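Quick note: the coordinates plus some simple rules give every number you see, no bench work behind them. No experiment lies behind these values; they were computed from the predicted model shown. All Cβ positions, even for glycine, are placed from backbone atoms using ideal geometry, and neighbour counts span all protein chains on display.
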Amino acid sequence: MAGPRPLPTTCVEEALWASGSPIVAGVDEVGKGPLAGPVYAAAVVLDCHQRPGWLGDLRDSKVLTAPQRERLAQVIRDEAPAWGIGWASVAEIDAWGISRANYTAMLRAIARLGLRPEHVLIDGPLVIPGNPLPQRAIVDGDATCASIAAASIIAKVARDEVMCGLHRWYPEYGFASHKGYATSSHLRRIEEHGLCPQHRRSWGAVARRSLKPGGASLPELAGG
């Protein structure tokens with residue numbers, strides 16, 4: 001029987017702070033798996049001198065409710081020393097593949113921090129190719145590492161907002177409810193309406209269901 005999920009702590013960050021690296025950025029992404037929409041990433045730097053109360057509320061974004069994520073995302077944006085958001089578009093995902101697009105989104109998020117991290121902590125088993133900064137990959141980092149958990153929340157809220165915006169452009173697909181993931185409702189809507197410009201045509205599940213175009217092109221997405 002599985003035990004309780006671990007809670008994010010600042011243990012990794014504290015070890016780096018103590019070693020003389022006070023600027024540590026946690027990085028996570030969201031949106032690798034959906035059939036539609038961009039992939040988003042966020043980077044968050046925590047304060048090495050303070051322990052705000054909301055640190056104890058951090059969790060992997062997937063186990064939080066939408067209101068919990070939105071509240072925490074606002075607090076993090078207001079109080080963290082630095083945060084940045086990056087994304088890769090559907091066109092980039094289709095042209096490069098999801099792995100390169102995902103790493104590009106992460107690098108863009110780091111670049112938008114407004115300062116240069118002395119160390120980067122990345123959720124997952126692999127570091128970011130081409131990243132010139134010292135970095136460490138942490139499996140399940142969004143569940144165990146506070147700065148990565150904070151990044152997961154920021155990224156999830158930002159992408160959800162974009163998918164709700166896409167719903168206004170393409171209401172027939174229901175993006176506000178499923179956020180582009182391969183739900184039965186989404187797949188059925190693709191079969192009924194064809195594809196819109198925000199569907200990832202390189203995805204087999206998309207290509208198999210419809211080649212019929214749908215909708216107009218979307219203006220360039222806004223981001224943080």
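Key figures
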item: Segment 147-182: chymotrypsin sites (Phe, Trp or Tyr not before Pro) in DSSP coil with no more than 14 other Cβ atoms inside 10 Å; result: none
item: Full-extension gain in nm, Arg5 to Glu191, via 0.36 nm per residue minus C-alpha separation; result: 63.1 nm
item: Electrostatic dipole magnitude of segment 99-201 [Cβ: Lys, Arg +1; Asp, Glu -1; Cα centre; debye, to 20]; result: 280 debye
item: Cα shape, segment 75-137, gyration tensor, a/c 1.5 rule; result: oblate
item: Positive-end residue of Val24, Cys48, Ser99, charge dipole of the chain with Cβ unit charges; result: Ser99
item: For Leu64, Leu115, Leu121, Leu133, order by how many other beta-carbon atoms lie within 10 Å, fewest first; result: Leu115, Leu133, Leu64, Leu121
item: Rounded, prolate or oblate (a/c below 1.5 giving rounded, otherwise prolate when a/b exceeds b/c) for segment 107-158 by Cα gyration tensor; result: oblate
item: Segment 11-170 - charge dipole about Cα centre, Lys and Arg +1 at Cβ, Asp and Glu -1, debye rounded to 20; result: 280 debye
item: Pairs of lysines in the chain (C-alpha under 17 Å apart; 8 or more residues apart or interchain); result: 6
item: For the chain, built as a Gaussian network whose Cα springs stay under 10 Å, the top-fluctuating residue of Asp57, Asp142, Asp47; result: Asp57
item: Most mobile listed residue (Arg188, Arg136, Arg200) in the chain, GNM with C-alpha springs under 10 Å; result: Arg188
item: Residue order, fewest to most surrounding Cβ atoms within 10 angstrom, among Ser61, Ser147; result: Ser61, Ser147
item: Residues Ala207 and Gln68, FRET efficiency given R0 of 25 Å [Cβ-Cβ distance, rounded to 0.05]; result: 0.10
item: Prolate/oblate/rounded call for segment 11-170, Cα gyration tensor, a/c under 1.5 rounded; result: oblate
item: Listed residues Arg108, Arg159, Arg189, most fluctuating in the chain (Gaussian network, C-alpha, under 10 Å); result: Arg189
